[in-house]
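The values are calculated or read from the model by the stated rules, or taken from the named source; none is laboratory data. Note that the structure is predicted; figures quoted are calculated from it, not measured. Cβ placement follows ideal geometry from the backbone for every residue including glycine, while neighbour counts extend to all protein chains displayed.
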Amino acid sequence: MASEMRAAVAALGAAPSRHDKSVTSDLSIDETLLLHGMGYEPVDLVTGISIVAIPYGTFIVPYGQGGPIELPNATEAVASAFQSGSERLRKECATAGGVGVVGVEVEVDIDGPTASVTFTGTAVTPIRHELASPGRPFVTDLSVRDFVLLERAGWAPIDLVAGAGFVAAPVQGVRKTLAQIGQNIELPVITRSLQIAREQAMDQMQTAALAMNAAGVVDVTIIDGPLGHSRHVCAFICYGTAIRLVAEQHQRIEPDLVLAMDDHIEFQASAIR
Amino acid sequence: MTASESTSSAWSSGLSTNDFAACLDSGLQPLGFVQGCSVVSWNFYSMRSSMVGVGFGSNQLRGYSEQYNCPHGFVSSEHRGYGLNYQMTWIEEAWTEAFGAAKRRLLEEATSLGAHGVIDVVDRSIHHVENSTFEIALSGTAVGIADVARPDRPFATFLAGQKLNKLVEAGFAPVDIALGITAVGVIGSCITEYQMRGGLSIGANIGNWGAPQKGEIEQLVRAQSAARQLVRERVRSELGGDTLHGASLRVRTIDTGEGPQIEAQIRGNRVRSFKAFAKLAPPRPVIQLADR
């Protein structure tokens with residue numbers, strides 16, 4: 001190790017090779033090594049963003065109205081933000097000469113009348129074109145470790161797919177509220193609202209996956225709960241990586257079992273650390 | 001007492017025990033804890049609104065700017081005539097000057113100790129006095145290595161310990177820490193304001209009937225994309241063929257009351273390839289048996 005470090009420090013006196021193209025990446029060194037082992041290298045840090053307006057009045061629901069109310073404007077806004085942001089990310093990847101983007105960090109923000117979705121990841125390309133380009137750049141939020149495992153199992157990522165559902169659970173009337181005092185009961189309107197929002201979102205995500213001939217969606221992330229600014233609105237957003245089988249059949253990975261011999265030690269007193 | 005004032009042979013460092021062990025393992029010898037800081041201020045924030053009022057058009061701005069003209073013509077005094085996305089170069093310049101000065105001081109301290117480089121650099125940035133005064137402080141551990149000529153300028157890296165060792169084993173030499181910032185201000189056009197408020201804006205509403213309430217807010221998307229693009233271009237332009245490794249891109253949007261201000265910051269390790277990248281053998285998957 002010491003000789004390698006000496007060689008590294010000694011090399012600082014030399015200028016970088018003129019053939020070296022500047023590369024930016026948010027990958028750790030472990031991820032870079034793993035990626036290299038697969039035949040890929042990072043080319044550039046890429047981003048994609050979309051901010052969509054949600055019309056005024058979307059989240060306003062009449063007091064005391066009966067059942068759950070679907071809010072298609074909000075649903076469409078988030079779905080459209082996902083699609084446009086993802087397309088911009090893919091465009092940046094293609095411009096950088098990448099064949100796909102790995103480790104994509106997705107940020108979703110619903111702030112009153114606007115919905116924004118941001119993607120940040122590292123575009124990758126095959127080393128010296130060892131691997132065939134998959135055509136349309138793939139996009140995945142899988143970490144490089146998961147990407148490697150997926151590839152070893154014979155699968156390949158296609159794209160990020162997403163779904164969203166927004167359903168309002170109207171505030172119940174005074175009579176109903178008074179009748180429930182002192183009782184433990186299920187709140188059927190809110191339960192049903194959550195269920196509808198979830199079904200809508202999952203359905204959209206699966207439909208998007210089917211449209212690209214994916215076999216399934218892995219590593220699904222779910223953001224759900226009441227909206228911060230409109231607590232009566234149940235929101236359900238989900239996204240994940242659509243994958244397809246590229247090997248003839250699934251390749252079984254058989255991990256070895258290891259037993260760590262070092263005990264996990266917890267210090268109770270910070271003074272002895 | 002700063003490192004340069006130290007006269008004893010004992011040294012101090014910010015390294016954890018693990019990082020210290022890895023540091024010795026790689027032949028690096030800690031020489032001292034080194035620091036550098038700089039405080040700067042700018043006074044341009046308050047001029048945002050006057051930029052519209054006095055017709056501070058895009059021709060007078062440096063760097064990126066885009067103007068969004070109102071399609072309605074004159075409607076009322078409250079109806080905004082045009083919107084503007086503009087690069088806030090004065091913030092970038094102040095920030096770059098502060099970072100450059102802090103890094104120069106850090107490296108000067110390291111040089112005075114006879115160091116080859118500074119590892120485990122920690123950066124800290126603080127806004128003082130609302131948003132107009134800004135401090136950048138850098139600290140790290142100066143290290144030396146035996147039997148190697150000192151480079152003209154010590155290297156610097158955020159890494160230390162096994163992460164630094166793995167980087168070197170992979171064939172990359174640490175060169176420098178890279179930080180860049182870009183700020184883009186947004187003065188919303190009548191349509192942007194209308195969309196950002198969900199179509200509810202008494203002043204902006206006049207004349208906006210029929211404007212799209214749905215769909216992308218183009219001006220904001222362009223501003224956010226520009227901030228991210230500019231900061232990456234800024235850092236990339238300083239790499240000179242090197243690689244920015246382990247970069248983190250952080251963006252924050254500040255609501256100044258006069259429109260969003262988008263600040264994009266990127267930081268990472270500038271590294272240089274010094275030997276061919278050795279292909280890693282396929283890693284062996286394992287499952288760790290654990291109590292919980």
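Out of curiosity, is B:Ile217 over 15 Å from the mean Cα position of the chain (by Cα), surrounded by fewer than 22 Cβ atoms within 10 Å (Cβ to Cβ) and not hydroxyl-bearing (Ser, Thr, Tyr)? Criteria not met by B:Ile217. When A:Gln195 is tested against (1) surrounded by 15 or more Cβ atoms within 10 Å (Cβ to Cβ); (2) touching a residue at least 12 places away in the same chain (Cβ under 8 Å); (3) within 24 Å of A:Pro72 (Cβ to Cβ), just one condition goes unmet, and that condition is (2).
Being buried (at least 21 other Cβ atoms within 10 Å of the Cβ) and either touching a Cys at 6+ places or on another chain (Cβ under 8 Å) or under 19 Å from A:Ala14 (Cα atoms) (or both) is not true of B:Ile91. Within the stretch A:240-273, restricting attention to residues that are among the charged types (D, E, K, R) and over 20 Å from A:Ala209 (Cβ atoms), which residue is modelled with the lowest pLDDT? Checking each candidate, the answer is A:Arg273.
Residue by residue, here is whether (1) among the polar types (S, T, N, Q); (2) in the same structural domain as B:Ala10 (by TED's automatic domain parsing); (3) in a helix (DSSP H, G or I) holds:
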| site | (1), (2), (3) |
| --- | --- |
| B:Gly73 | no, no, no |
| B:Ser77 | yes, no, no |
| B:Arg80 | no, no, no |
| B:Gly83 | no, no, no |
| B:Ala98 | no, yes, yes |
| B:Leu106 | no, yes, yes |
| B:Glu109 | no, yes, yes |
| B:Val118 | no, yes, no |
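Quick one: is A:Ala15 surrounded by fewer than 19 Cβ atoms within 10 Å (Cβ to Cβ) and within 7 Å of another protein chain (Cβ to nearest Cβ)? It is false that A:Ala15 is surrounded by fewer than 19 Cβ atoms within 10 Å (Cβ to Cβ) and within 7 Å of another protein chain (Cβ to nearest Cβ). Limited to the stretch B:65-121, what total is found for residues that are within 18 Å of the chain's Cα centre (by Cα) and over 30 Å from B:Gly144 (Cβ atoms)? Going through the stretch B:65-121 one residue at a time, the tally reaches 9.
Residue-wise test of (1) in contact with a strand residue (DSSP E or B) (Cβ under 9 Å, 6 or more places away or on another chain); (2) of a type in the set (S, T, N, Q); (3) closer than 20 Å to B:Ala178 by Cβ.
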{"residue": "A:Lys21", "(1), (2), (3)": "yes, no, yes"}
{"residue": "A:Glu41", "(1), (2), (3)": "yes, no, yes"}
{"residue": "A:Thr47", "(1), (2), (3)": "yes, yes, yes"}
{"residue": "A:Ala77", "(1), (2), (3)": "yes, no, no"}
{"residue": "A:Ser84", "(1), (2), (3)": "yes, yes, no"}
{"residue": "A:Val101", "(1), (2), (3)": "yes, no, no"}
{"residue": "A:Pro113", "(1), (2), (3)": "yes, no, no"}
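The residues listed here are A:Glu76, A:Glu4; of these, the one that is surrounded by fewer than 19 Cβ atoms within 10 Å (Cβ to Cβ), modelled with pLDDT of 90 or more and at the interface with chain B (Cβ under 8 Å from one of its Cβ atoms) is A:Glu76. The set of residues in the stretch A:227-249 being under 20 Å from the mean Cα position of the chain (by Cα) and assigned to a strand (DSSP E or B) consists of A:Ala235, A:Phe236, A:Ile237, A:Cys238, A:Tyr239, A:Gly240, A:Thr241, A:Ala242, A:Ile243, A:Arg244.
Within the option set B:Arg267, B:Arg284, B:Arg228, being out of contact with any helix residue (DSSP H, G or I) (no Cβ under 7 Å at 6 or more places or on another chain) and more than 7 Å from chain A (Cβ to nearest Cβ) holds for one residue only, B:Arg267.
The residue of the stretch B:236-256 that is surrounded by the fewest Cβ atoms within 10 Å (Cβ to Cβ), among those that are more than 7 Å from chain A (Cβ to nearest Cβ) and not in a strand (DSSP E or B), is B:Ser237.
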